[in-house]
Amino acid sequence: MAKLGFYMEKKVMYSAVQPSGNLTIGNYSGAIRNWIAMQEEYDCFYAIADLHAITVRQEPAELRRHTLELAATYLACGLDPERCALYVQSHVPQHAELCWVLNTVTYVGEASRMTQFKDKSQKHADNVNMGLMDYPVLMAADILLYLADYVPVGADQKQHVELARDIAIRFNNRYGETFRVPEPLIKKDGASIRSLQDPARKMSKSDENPNAAVFLTDDRETILRKFKRAVTDSDNSIRAAEDKPGVTNLLNIYAAFAGGTVEEAERAFEGKGYGEFKLAVGETVADALAPIQAERKRLLADKGYLTQMLQGGAERAFKVARRTLSKVYRKVGFFQGD
Ligand code: TYM
């Protein structure tokens, strides 16, 4: 650790969510839920990734609103601003600055091979902008700025964290030991929640089918209705299997929200019908979300507090980010006057 030039006592955890819409239960179970338990043991930095969000078109007023809502959601889910730095990515300019340097050690071939880039290029064919391709390099900058050891994310982000590792190793080889090489932390259950209407696709904030995703803000009735309509299959047995993607997804959701494993969920529903099963999944999710929703609503009534909390988070993040960037600038040979 001394090699890195400054001393950090605890291991560092870094992750972020984009304020690009209402969060789904996928964002919760794949990411935020797993951040809560880590606050004690790690130095945690959790950002609201607004720089990433504008790689697809956002309505400016909506982006602002979603940013504040995401701050409230972080707190309502149980993140404690005293123990971790919660902040808005664009409030810390070093993210964009480090991204520029990392662009020069990232190959176009690597970035263009990313699955998400290919998917989003197809989905937003009229807006395949440079930022969309640069998205994983900016993510690497986020992670590497804080010398993160671990990055708790959903399965869809594994490839990006692996690219961040490659970039860190390449930079260290070229310029000398600078970055820690981060590891993705991906939970076995709940790391890949699928669409309720088409389990071949991941559940996404921006799905056009309103029944495909369950949002953290959905009321109980809406949640029960969406699960009731979720696709299953005709064989009527409640078990996880490759040829039963709809049922497997529901079991995964149940396990993530009831707090057990998929195997335990299978045992709990053995011999039951799909109707009863879907109702139980819906009720479990609705019960888990109710206190989060109430707390989020309460927090959103106090915009002043949220703004202040985000300022405090950005100040803490800035101190670390400034040190790392200054070291990077020295390593690459930028004249700094001393
Ligand atoms: P975003 O906002 O697209 O997703 C936020 C987190 O939610 C996870 N996730 C899911 N997990 C399980 N099932 C799903 N259906 C599902 N959908 C989304 C994602 O894996 C992610 O963990 N690029 C990041 C944001 C980011 C970031 C970073 C993450 C920006 N910089 C640095 C880690 C480190 C993203 O996917 O945001």
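Which one of Ala213, Ala256, Ala265 is touching a Phe, Trp or Tyr at 6+ places or on another chain (Cβ under 7 Å), of a type in the set (Gly, Ala, Ser) and crowded, with 20+ Cβ neighbours inside 10 Å?
Working: Ala213 fails: touching a Phe, Trp or Tyr at 6+ places or on another chain (Cβ under 7 Å); Ala256 fails: touching a Phe, Trp or Tyr at 6+ places or on another chain (Cβ under 7 Å).
Only one candidate qualifies: Ala265.
The one condition from (1) touching a Gly at 6+ places or on another chain (Cβ under 7 Å); (2) within 13 Å of the ligand (Cβ to nearest atom); (3) not in a helix (DSSP H, G or I) that Tyr46 does not meet is (1). Pairs please, first residue from the range 130-141 and assigned by TED's automatic domain parsing to the domain that holds Ala53 and over 15 Å from Glu183 (Cα atoms), second anywhere and β-branched (Val, Ile, Thr) and within 11 Å of the ligand (Cβ to nearest atom), Cβ atoms under 8 Å, 6+ apart in sequence or on different chains. That search, which allows pairs on different chains as well, returns Gly131/Thr55; Leu132/Thr55; Leu132/Val56; Asp134/Thr55; Tyr135/Thr55.
Here the range 269-285 is the region considered, the condition is being farther than 19 Å from Asn34 by Cα and open to solvent by less than 50 Å² (accessible area, probe 1.4 Å), and the residue that is farthest from the chain's Cα centre (by Cα) is Gly273.
Can you spot a residue in the range 181-197 that is under 18 Å from Ile48 (Cα atoms), within 19 Å of the chain's Cα centre (by Cα) and not assigned by TED's automatic domain parsing to the domain that holds Ile32? No, the range 181-197 has no match at all. The residue of the range 99-108 that is farthest from the ligand (Cβ to nearest atom), among those that are open to solvent by 30 Å² or more (accessible area, probe 1.4 Å) and not β-branched (Val, Ile, Thr), is Tyr107.
Against the conditions (1) out of contact with any helix residue (DSSP H, G or I) (no Cβ under 8 Å at 6 or more places or on another chain); (2) aromatic (Phe, Trp, Tyr); (3) open to solvent by less than 40 Å² (accessible area, probe 1.4 Å), Tyr150 satisfies every one except (3). Could you tell me whether the range 152-172 includes any residue that is more than 10 Å from the ligand (Cβ to nearest atom) and not in a helix (DSSP H, G or I)? No, the range 152-172 has no match at all. If the condition is being assigned to a loop (DSSP other than H, G, I, E, B) and either β-branched (Val, Ile, Thr) or near the ligand (Cβ under 8 Å from one of its atoms) (or both), then the range 184-194 contributes Ile186, Gly190, Ala191, Ser192, Ile193. The set of residues in the range 300-338 being among the hydrophobic types (A, V, I, L, M, F, W, C), over 15 Å from Leu86 (Cα atoms) and assigned to a helix (DSSP H, G or I) consists of Leu300, Leu325, Val328, Val332.
Name the single residue that is nearest to the ligand (Cβ to nearest atom) among those in the range 21-43 being open to solvent by 20 Å² or more (accessible area, probe 1.4 Å) and polar (S, T, N, Q). Working first, answer last.
Within the range 21-43, the subset open to solvent by 20 Å² or more (accessible area, probe 1.4 Å) is 22, 27-28, 33, 36-38, 40-43.
Then keep just the ones that are polar (S, T, N, Q); that gives 22, 27.
Details: Asn22: 11, Asn27: 4 Å.
Of everything passing the filter in the range 21-43, Asn27 is nearest to the ligand (Cβ to nearest atom).
Within the range 218-236, the residues that satisfy the criterion of being in contact with a Lys or Arg (Cβ under 8 Å, 6 or more places away or on another chain) and either open to solvent by 40 Å² or more (accessible area, probe 1.4 Å) or polar (S, T, N, Q) (or both) are Lys228, Thr232, Asp233, Asp235.
The values are calculated or read from the model by the stated rules, or taken from the named source; none is laboratory data. The structure displayed is predicted, hence computed values, not measured ones. Reconstructed Cβ throughout: ideal geometry from the backbone, glycine too, with neighbour counts over all protein chains shown. Please note that ligands, DNA and RNA were not included when accessible areas were found on the heavy atoms of the full protein model with its side chains. Shrake-Rupley method; radii C 1.70, N 1.55, O 1.52, S 1.80 Å.
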